[in-house]
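Remarks on the structure that follows.
The values are calculated or read from the model by the stated rules, or taken from the named source; none is laboratory data. Please read all numbers here as calculations on a predicted model, not as lab measurements. No Cβ is skipped: glycine too gets one built from the backbone with ideal geometry, and neighbour counts run over all protein chains shown. Areas reflect the complete protein model, heavy atoms only, side chains present, ligands, DNA and RNA absent. Shrake-Rupley method; radii C 1.70, N 1.55, O 1.52, S 1.80 Å.
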Amino acid sequence: MVSLWYNKFIFFQGVSAHNPKPAQREAILYSIVSTAIVCGIQSVLIQVEADVCDGMPAFEMVGVLSSEVKEAKERIRAAIRNSGIRLAPKKITVNLYPADIRKSGTVFDLPIALAILAAYGRIPQEYLDDILFAGEIGLNGEIRSTQGVLPMVLAAQEAGKKVVCVPRENIREAQIVKGVTILPGDNLNQVTELMQAFFDGPEKFMENEPDNIDNNIEETGKKAQNADFDFAFIHGQKILKRACEIAASGRHNMLMLGSPGAGKTMAARAIATILPPLTEEEALELARVYSVMGMFGQREMNFRQRPYRSPHHTISLAGMAGGGTIPKPGEISLAHKGVLFLDELTEFAKPVLETLRQPLEEQEIRLVRKSGTYFYPADVMLIGAMNPCNCGYFPDRNRCTCSKAMIERHLNKLSRPLIDRMDICVEVSRPRLKELTAKQPEESSAQIRKRVERTQRLQRERFAGTGILYNSRIPSSAVEEWCVMETEGETLMHESFERLKLTARGYYRVLRVARTIADMEGAKKIGYSHICESLLYRSIDRKVWDWE
């Protein structure tokens, strides 16, 4: 009777009468770690599950993985071993979910390694619960930098996580986000010690980690404007300077036509020096783009400065608009909220130029791929420069040696729909010697920038609460509301519509430019002179393209 009672007792205690070993031997060891993946310039949280159990020793990973993620198990296996950590041979299964998102990149190395160590009981699960991890692991256990850290930290903040562990090389990038504590990782052993120190006392940890300061985008360095490209160095060219100031004040697209050496490239570079600094929201959005591209260092010390991008005319379609096997932003997204300058416009491949038409209207790029749809910002101020013909001197028939057919072929490289999206077209003439040698100082970019800032401040006040920031972004449905004309100006606009054969898009763009000119003068209504000047910038392209 005693023997029967004893057998029932040990059965319910999880010990077999034939194999008196604790039931914990068959228990499943499980852990979960949070990380993230970049989709476009946004980031999606990913959970890494690790299961360790008895059975044939194996290391399996599931969850719609790319080849570089599948290869992580070899890196992780070597990194754990070379970190001096010995694990019993067991069956390891790692799952990355949600499973409907394809995982790519090397950002999962660190969270997978930590999930395995936690499943083995080497790290308490509570150390991992409220922290997001990201980073690549070398074979020696070193934590290496990765791309897209900034969107990941922002995603962690939105999900309510207050702590993020990233490679030390990415710490400055991660610290841009306010209210999130950043743990810098050097190697696998250091990360485990770091988590324990932080878990035991966050206040003490913050004192002992000098690199971990709560960064603020307002406190980051501001790189000075490039002094080599200042409007003070451009002599004469009053019409060109006026057009550049109007374009900068309302963020209008501009096309410059002129002979070689007239100063088109110099003017385009100088436009970047009269643009007001980025707002905090704009700077953070732009930083996301550069983070995804692994180019965060280019923005680290000049967050407030607007970007200036000038790609070579041999650029590919994917290089301009974005794309690739793993979609990445293109030049138009890298110039977001800044200047995209296309020199020698007619030398660019026609498909590359045509792909700009939709982003110029919608201020974003949509890339549709098998793995999903990726959205990239593309709110740019497009500045184009071109010669009017192959030799560069048309319409001066005394100097131009090109035939009519040659000129037409040259000009037809640009489609009319693309030209129609240029708010301002200005002819750049060759400066005279008297202007180049004049001793009178020219107006500097700093002086012009003050007027541009004042005009843009007026626009922000007018459009407050509407989501519109600049005159060039006034939707067609709201043009009549915001672009109120005086009677004389309205009459001139109606007469010019048929005479210049304006399209509906051209009509609205004339009004937007006129609104900017009126704002520069502090006028509430668009007057006759404002319409005249705006029409002048629309008629120069007719002089070149509609010649006989």
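Brief remarks follow.
- Top-ranked residue of region 487-526 - restricted to ones that are in contact with a strand residue (DSSP E or B) (Cβ under 8 Å, 6 or more places away or on another chain) and not in a helix (DSSP H, G or I), ranked as surrounded by the fewest Cβ atoms within 10 Å (Cβ to Cβ): Lys525
- Residue selected from region 64-95 under the condition among the small types (Gly, Ala, Ser) and modelled with pLDDT of 90 or more, by the criterion farthest from Val289 (Cα to Cα): Ala88
- Residue check, Tyr508 aromatic (Phe, Trp, Tyr) and under 16 Å from Ile424 (Cα atoms): yes
- Residues being open to solvent by 40 Å² or more (accessible area, probe 1.4 Å) and not in a helix (DSSP H, G or I) - total across region 297-323: 10
- Yes/no for Ile32 being out of contact with any Cys (no Cβ under 8 Å at 6 or more places or on another chain), within 21 Å of Ala156 (Cβ to Cβ), in a strand (DSSP E or B) and modelled with pLDDT of 90 or more: yes
- Within this structure, Met266 fails the test of being closer than 25 Å to Arg432 by Cα and at pLDDT 95 or above.
- Complete set of residues in region 74-99 that are farther than 14 Å from Asp51 by Cα and of a type in the set (Lys, Arg): Arg75, Arg77, Arg81, Arg86
- Pairing each residue of region 256-268 that is closer than 16 Å to Cys425 by Cβ and of a type in the set (D, E, K, R) with any residue that is part of a helix (DSSP H, G or I) and at pLDDT 90 or above, provided the two are 6+ apart or on different chains, yields C-beta distances under 9 Å for Lys264/Leu240.
- Region 330-347: number of residues that are touching a Gly at 6+ places or on another chain (Cβ under 9 Å) and open to solvent by 10 Å² or more (accessible area, probe 1.4 Å): 2
- With respect to the stated conditions, Ser291 is open to solvent by less than 20 Å² (accessible area, probe 1.4 Å) and not hydrophobic (A, V, I, L, M, F, W, C).
- Taking region 467-480 as the range and being of a type in the set (Ser, Thr, Tyr) and open to solvent by 70 Å² or more (accessible area, probe 1.4 Å) as the test, only Ser477 passes.
- Of all residue pairs spaced 6 or more apart or on separate chains, those with beta-carbon atoms under 7 Å, a first member in region 366-378 that is of a type in the set (Lys, Arg) and a second member that is part of a strand (DSSP E or B) are Arg366/Thr373; Arg366/Phe375.
- Lone qualifier among Glu453, Glu443 - being modelled with pLDDT of 90 or more, surrounded by 12 or more Cβ atoms within 10 Å (Cβ to Cβ) and assigned to a loop (DSSP other than H, G, I, E, B): Glu443
- All positions within region 447-471 that are in contact (Cβ under 8 Å) with a residue 12 or more places away in the chain and more than 26 Å from Glu362 (Cα to Cα): Ile448, Arg449, Arg451
- Within region 261-288, being touching a Ser or Thr at 6+ places or on another chain (Cβ under 7 Å) and either of a type in the set (D, E, K, R) or within 29 Å of Arg454 (Cβ to Cβ) (or both) holds for Ala270, Thr273, Ile274.
Residue by residue, here is whether (1) of a type in the set (A, V, I, L, M, F, W, C); (2) touching a residue at least 60 places away in the same chain (Cβ under 8 Å) holds:
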residue	(1), (2)
Met381	yes, yes
Gly384	no, yes
Asn398	no, no
Thr401	no, no
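- Looking across Leu367, Leu411, one residue alone is within 23 Å of the chain's Cα centre (by Cα), modelled with pLDDT under 90 and buried (at least 16 other Cβ atoms within 10 Å of the Cβ). It is Leu367.
- Criterion violated by Glu68 - all others in (1) without any contact (Cβ under 8 Å) to a residue 60 or more places away in the chain; (2) surrounded by 15 or more Cβ atoms within 10 Å (Cβ to Cβ); (3) part of a loop (DSSP other than H, G, I, E, B); (4) out of contact with any strand residue (DSSP E or B) (no Cβ under 8 Å at 6 or more places or on another chain) satisfied: (3)
- The single condition among (1) in a strand (DSSP E or B); (2) within 24 Å of the chain's Cα centre (by Cα); (3) surrounded by fewer than 17 Cβ atoms within 10 Å (Cβ to Cβ) that Ile101 does not satisfy is (1).
- Among residues of region 104-121 being open to solvent by 10 Å² or more (accessible area, probe 1.4 Å) and part of a loop (DSSP other than H, G, I, E, B), the one that is farthest from Glu71 (Cα to Cα) is Gly121.
- Matching residues, region 76-92, being open to solvent by 40 Å² or more (accessible area, probe 1.4 Å) and closer than 18 Å to Val33 by Cα: Arg77
- Failed item, numbered, when Lys524 is tested on (1) under 21 Å from Arg421 (Cβ atoms); (2) more than 29 Å from the chain's Cα centre (by Cα): (1)
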